[in-house]
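K.L.:
Let me begin by handing over the structure; questions about it come next.
The values are calculated or read from the model by the stated rules, or taken from the named source; none is laboratory data. Remember, predicted model here, so these are calculated numbers, not experimental data. Quick reminder, even Gly has a Cβ in these numbers, built from the backbone with ideal geometry, and neighbours come from all protein chains shown. Heads up: the accessible areas ignore ligands, DNA and RNA and are worked out on the full protein's heavy atoms, side chains in. Shrake-Rupley method; radii C 1.70, N 1.55, O 1.52, S 1.80 Å.
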Amino acid sequence: MTSVKSLLAKPWIWSFIGALLVWLATIAFTGGYGAGGMVTAALSLAVFTVIVGVGQMFVITLGPGNVDLSLPANIGLASAVAMKVMDGNDSMIAVGLLAALACGAAIGAANYLLIWALRIPPIIATLSASFIIQSIDISYGRGLQIKPPPGFADFANWQILGIPVLAILTVLFTIGAAIALQRMIYGRSVLAIGQNIRAAWLAGVNVGRIRFLTYTLSGALGGIDGALLAGYFRGANVDIGNEYLLASIAVVVIGGTSVAGGKANVPGVWGAALFLVLLLTMLNTFGVSAGVRLLLTGLIIVGVITAAGGQKAPR
Amino acid sequence: MPEGNADIIRLNGAEKHFGAVRALGGVDFHVGPGECVGLVGHNGAGKSTLMHMVAGTLVPDSGKIGVHGDTEDNYSVSRAQQLGIRCVFQELSLCPNLSVAENTRINHASLRGLSWRRKAADLIAAKLDEIFPGHSISASDIVGDLSIGRRQMVEVARAFTVTQDRLDLVILDEPTSSLDAHTAGQLLAFVRRFVAGGKSCILISHVLGEVLRNADRIVVMRDGKVVVADAADAFDRDRLVTAMGGAEARQKIAAQIAAAKPTASPLRVRARPAAQKDSTDLVACAGEIIGLAGLAGHGQTDLLLAIFTAASRARAGIEVTAPVALVAGDRQSDGIFPQWSIAENIGIRSLARLRSGVLISPQREAELAALWQKKIGIRTPDMNNNIFSLSGGNQQKALFARALGSDAQIVLMDDPMRGVDIGTKLEVYDLVREEAARGRTFLWYTTETEELDNCDHIYVFKNGRIVANLRRDELTEEKIIQSSFGDAA
């Protein structure tokens, strides 16, 4: 009984409950048909939101005003860079992934440079950076769809017993991220800065370095996400990252991370990503039109955030 | 008292507590018509609290307020305004984004109609001309663009403008702190004219000469009480200083510290304030407790922060030879991490030492917390409780534990005992002396003069500079007050 109680006290548990309810509602509607396939599909798609969601989570945890709005443009450019470097050639996969990672990290570092050197608020800096990145992407990729090497596309879609391999790898990655958040100096520093940046400075935290690392990390995760998306959807294009602007922020908030900063959790990002994907699947299954689907998605996100925001601050 | 000569304001037995802190302990205070009352006392003596009550911004916990001979039961700012009582507070209250004329309109609801802006401009311009002839401030200037001195001139002039409400009493809280000698003289001359016209003023100033020359009557406050109230010509500078400081014998704890001090210990900090004109340095060696004294906000915190910054990045004029930690006085904005437990709040300064491998060890973190809970006496059943489960004094102890539990050999203390109860203070004093005996260096900014008894050496600050440099055997409260209230700018 006490273990159930302590489980219910975790801020991330609600996103999983939400995902479960949506899934149950859908298979009740279909009469149990496609229940397993739905989970597999949800896992495959949730992976991409989780990867950028974790980056966004660290950024948002830095405190009010911190957000990375350049992720969609970043994903778009990195997917093009990865595909061009791989050039349809299986032997270049690792090099391509590294290129995407470096491209994303460079974008993240540039974001922080704008914030730090020009003292622009992060929301403006990352938004204006995304326009520049998008322009580079358009002139670099010429708007063409670039195909991944067959080996990479197969890898991105590879499943073992119905479980996507990418999802397994992402679970391992998120475990690492959770440990970094709670048990490493880096994570503690991010949490301290998010609660009170001045107190963090006076307690000896290297505020500038930690913020730089965080924006670079978010950028790098966006970059790798772009490469994986291009592999999964068998082609890179400029718009491939568009839906991850709202999604990356929504999974952070629905997952129980505080928008005010200083309080974060990684499991919630998974729960929220599954919830969002399953929600779309459910609405598709119910056969509602695209307009209604977007409307309901928006309303449900607002509802969840309102409910999650209802918990009282410790004061 | 005859009806025609009723006091403008009279407070009887006014008391005020902020939490456990007694700000005012039963004060009787009055201002009659046609007099200028000087109010002097240390930081924290209760002057501002008393003036907030006169102005209606604070309500006393107990005691009576009477205005113009009638008892006021629901006294408030707007009531004070109606009754002709205005206040110029130390923290300037003008809106920086509005013009001088627009700021004037805020206090005068009767300036209406399409031309209200011109009416307000005429009103404030006339008053500025009257008080500060040749002032060169335009009513259309945006307040944020004015220098701090000009802002103070506008603030003062605005308080003396009259439209429909009466004006009997103006409280001037440090009105000359940002004015140069010339404009300050203009203002004080105007105050004398104002008082000669049958109106009244309360003048608060740390420049004792100003008060002695311009007040008719002087009220001295200490520790939330009025200690002396007498005609101004009954005072001279020395009597005033003695009354403020409390000349009664104070126990000197630290004779034994001075005796036990090693003569040549290694240098830890050498620092010169940015505003220092001569070559005076603050020097701190291993095992020393150095006091930073003087009035609040005269550059002590700035120097501590400069030393803190210099520890990680080289800075001109400041030499720091060991790791530094800081104990914040303003807990909420500079110290506490509200989401965290007591243990996490203590551990943040020592994360690198709490690691095993790359991960922070929860066991070591708990050990550090438990060690300091015992050593400094943090009263809680569980160090994993949220930091806000502690009382203010115990939160402050956690901040001390954060600094003392770290590898820092230099501990900077930014007036850390603000609002802390006396029991906690005594415990922490003992601990500080004990840690100093082990070779740690403390730089201790404090606004409470008794705390300086714990120090080996005291630097007195004024206007961002070191103005006096006292060994502990030279330390008397009078000396500190003499230096920090010195009239020489």
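K.L.:
Give the angle, between 0 and 90 degrees and rounded to the nearest 10, that separates the Cα long axis of helix B:392-404 from the longest principal axis of the Cα atoms of chain B.
P.N.:
Between helix and principal axis, roughly 50 degrees.
K.L.:
Using r as the Cβ-Cβ distance of A:Leu21 and A:Asn157, and R0 as 45 Å, what FRET efficiency do you calculate, to the nearest 0.05?
P.N.:
For R0 = 45 Å, the calculated efficiency reads 0.95.
K.L.:
Also, quick follow-up: Sequence neighbours fewer than 8 away in the same chain don't count; with that in mind, list the lysines whose C-alpha is under 27 Å from B:Lys199.
P.N.:
B:Lys47, B:Lys64, B:Lys119, B:Lys127, B:Lys225
K.L.:
What trypsin sites (Lys or Arg not before Pro) in region B:265-308 are in a loop by DSSP, with at most 10 other Cβ atoms within 10 Å of the Cβ?
P.N.:
Filter output for region B:265-308: B:Lys277.
K.L.:
Which percent of the accessible area of the protein assembly as shown is formed by carbon and sulfur heavy atoms (probe 1.4 angstrom)?
P.N.:
Carbon plus sulfur share of accessible area: 59 percent.
K.L.:
Hey, another quick one. On the principal axes of its Cα set, how long, how wide and how thick is chain B? Give whole Å, largest value first.
P.N.:
76, 48, 46
K.L.:
Output the residues of region B:338-376 meeting this criterion: accessible area (heavy atoms, 1.4 Å probe) in the chain alone minus accessible area with all protein chains in place is 40 Å² or greater.
P.N.:
Hits at the 40 Å² cut-off: B:Pro338, B:Gln339, B:Trp340, B:Ile348, B:Leu351, B:Leu359, B:Ile360.
K.L.:
Would you mind giving the total buried accessible surface between chains A and B, with a 1.4 Å probe and ligands, DNA and RNA left out, rounded to the nearest 100 Å²?
P.N.:
So the total buried area for this chain pair works out to about 2300 Å².
K.L.:
While we're on this one: Towards the positive end of the charge dipole of the protein assembly as shown, with charges on Cβ (+1 Lys, Arg; -1 Asp, Glu), say which of A:Gly55, B:Phe89, B:Val269 has the farthest Cα.
P.N.:
A:Gly55
K.L.:
What span do the alpha-carbon atoms of the protein assembly as shown cover on each of the three principal axes, reported in whole Å from largest to smallest?
P.N.:
Cα extents, longest axis first: 99, 76, 55 Å.
K.L.:
To the nearest µm²/s, what D does Stokes-Einstein give for region A:13-79 at 10 °C and 1.306 mPa s, using the Kirkwood radius over alpha carbon pairs as Rh?
P.N.:
It diffuses with D of about 110 µm²/s by this estimate.
K.L.:
Separate question: R0 = 51 Å: FRET efficiency of B:Arg364 with B:Leu98, Cβ-based, nearest 0.05? Working shown, then result.
P.N.:
On the way: r = 55 Å, r/R0 = 1.09.
Efficiency, rounded to the nearest 0.05: 0.40.
K.L.:
Relative contact order of region B:74-143: what whole-number percent is it, with Cα pairs under 8 angstrom and at least 6 residues apart?
P.N.:
Rounded, it is 37 percent for region B:74-143.
K.L.:
Give the lysines whose C-alpha is closer than 26 Å to that of B:Lys375, dropping any in the same chain fewer than 8 places away, or say none.
P.N.:
B:Lys252, B:Lys261, B:Lys397, B:Lys425
K.L.:
Let me know the charge dipole size of region A:152-306 about its Cα centre in debye, to the nearest 20, where only the beta-carbon of Lys, Arg (+1) and Asp, Glu (-1) is charged.
P.N.:
580
K.L.:
Using just the helices of chain B, give the 222 nm mean residue ellipticity in deg cm²/dmol: DSSP H runs with n ≥ 4 each add -39,500 (n - 2.57), and the total is spread over all residues, rounded to 500.
P.N.:
Working: 16 runs with 165 residues, N = 489.
The helix contribution divided over chain B gives -10000 deg cm²/dmol.
K.L.:
Follow-up. Just the Cα atoms of region B:112-197: what Rg and Dmax do they give in Å?
P.N.:
Values for region B:112-197 (Cα only, Rg and Dmax): 13.1, 40 Å.
K.L.:
Another question, if that's okay. Kindly tabulate the residues in region B:322-336 with an accessible-area decrease of at least 20 Å² between the chain alone and the assembly of all protein chains, using a probe of 1.4 Å.
P.N.:
Those residues are B:Leu326, B:Ser333, B:Asp334.
K.L.:
Which of the trypsin sites (Lys or Arg not before Pro) across region B:148-208 are loop residues per DSSP, with 14 or fewer other Cβ within 10 Å?
P.N.:
When the trypsin sites (Lys or Arg not before Pro) of region B:148-208 are filtered for loop state and at most 14 Cβ neighbours within 10 Å, B:Arg166 remain.
K.L.:
What does the charge dipole of the protein assembly as shown about its Cα centre add up to, to the nearest 20 debye, if the Cβ of each Lys and Arg holds +1 and the Cβ of each Asp and Glu holds -1?
P.N.:
That gives a dipole near 1520 debye.
K.L.:
If you don't mind, another one. With each pseudo-label sitting 7 Å past Cα toward Cβ, what's the B:Arg270-B:Lys374 distance in nm, one decimal?
P.N.:
For B:Arg270 paired with B:Lys374, the spin-label model returns 4.2 nm.
K.L.:
Can you give the three extents of the C-alpha atoms in region B:399-475 along their principal axes, from longest to shortest, in whole Å?
P.N.:
The principal-axis extents, from largest down, are 34, 27, 24 Å.
K.L.:
Given an 8 Å cut-off on Cα distances and at least 6 residues of separation, report the relative contact order of chain B as a percent.
P.N.:
Relative CO of chain B lands at 15 percent.
K.L.:
Moving on to the next point. Rounded to the nearest whole Å², what accessible area per residue is found for chain B with the 1.4 Å probe?
P.N.:
Ligands and nucleic acids excluded, the result is 42 Å² per residue.
K.L.:
Still on this structure: Select from A:Ile93, A:Val205, A:Ile115 the residue farthest towards the positive end of the dipole of chain A; place +1 on Cβ of Lys and Arg, -1 on Cβ of Asp and Glu, and compute about the Cα centre.
P.N.:
Of the candidates, A:Val205 comes out farthest on the positive side.
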